[in-house]
1. For the chain, set up a GNM with springs between Cα atoms under 10 Å and report which of Ala26, Ala116, Ala148 has the largest fluctuation.
2. What FRET efficiency, computed as 1/(1 + (r/R0)^6) with R0 = 41 Å and r the Cβ-Cβ distance, is obtained for Ser38 and Arg175, rounded to the nearest 0.05?
3. Name the residue from Gly15, Thr73, Gln29 whose Cα lies farthest towards the positive end of the charge dipole of the range 1-110, charges +1 on Cβ of Lys and Arg and -1 on Cβ of Asp and Glu.
4. On alpha carbon coordinates alone, what is the Rg over Rh value for the range 37-117, Rh being the Kirkwood radius?
5. Hey, what number do you get for the chain at 222 nm if only DSSP H runs of n ≥ 4 count, each worth -39500 (n - 2.57), divided across all residues, to the nearest 500?
6. What net charge do the residues around Ala131 carry, taking every other residue with its C-beta under 15 Å from that of Ala131, with Lys and Arg at +1 and Asp and Glu at -1?
7. How much of the calculated P(r) for the range 79-146 lies past 17 Å, in percent of all Cα pairs?
8. Suppose the chain between Ala122 and Ala140 were pulled fully straight at 0.36 nm per residue; how much longer would it get relative to their current alpha carbon spacing?
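The values are calculated or read from the model by the stated rules, or taken from the named source; none is laboratory data. The structure displayed is predicted, hence computed values, not measured ones. A quick note on method: Cβ atoms are made from the backbone with ideal geometry, for glycine too, and the neighbour counts reach across all protein chains shown. Accessible surface is based on the protein model in full, side chains and every heavy atom, while ligands, DNA and RNA are left aside. Shrake-Rupley method; radii C 1.70, N 1.55, O 1.52, S 1.80 Å.
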Amino acid sequence: MNIPVLETARLRLRGHYPSDLAPAVAMFQEPQFYQYLSGHPLPEEEVWTKLLRHMGVWYICGYGFWAIEEKATGQYIGAVGFGEWQRAITPSLKGFPEVGWVLAPHTHGQGYALEAAQAALAWGDAHLPVARTVCLIDVANEPSQRLAAKVGYQEIDRILYKNIPVVLLERFAPRP
């Protein structure tokens, strides 16, 4: 399967490369990065599994996560895209692509997350099999909640997921 490459003014969204592992592992050692994800640093093995999961969803669902590469440096700085994680929660998110974004802390505050999310959502609006996408964010992660609102997500519920309070959001693709 060919994963589409998306380009913005400053970013390239592409499939993951094996060389993304080292910078991804480094990100998962930074508290600013993992605090709302795993809550603790992740070893290389678990980060590798995440990269494989990001790639695998493309083959199973026809959509997935892109690696985010900073064009100016060629560096891997995070990931953005859609998953189908089969979460055992109520209300169910099954059958709806779940958007997500993670970026290296040194890139925060530069608008990269917004730029990447907008590119991914534009692709999704044109290619996803359903108009509705969903999002799950740790209640304490205010920056991600603000980003979700900027790209059109609205809160639908608050629940506990794996004993962590999270907000569930949804967005519908604009009608042509």
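1. In the Gaussian network model the winner is Ala26.
2. 0.65
3. Gly15
4. 0.98
5. It lands at -9000 deg cm²/dmol.
6. Charge balance in the 15 Å sphere: 0.
7. Here the long-distance tail beyond 17 Å is 47 percent of all Cα pairs in the range 79-146.
8. Extra length available between Ala122 and Ala140 comes to 3.8 nm.
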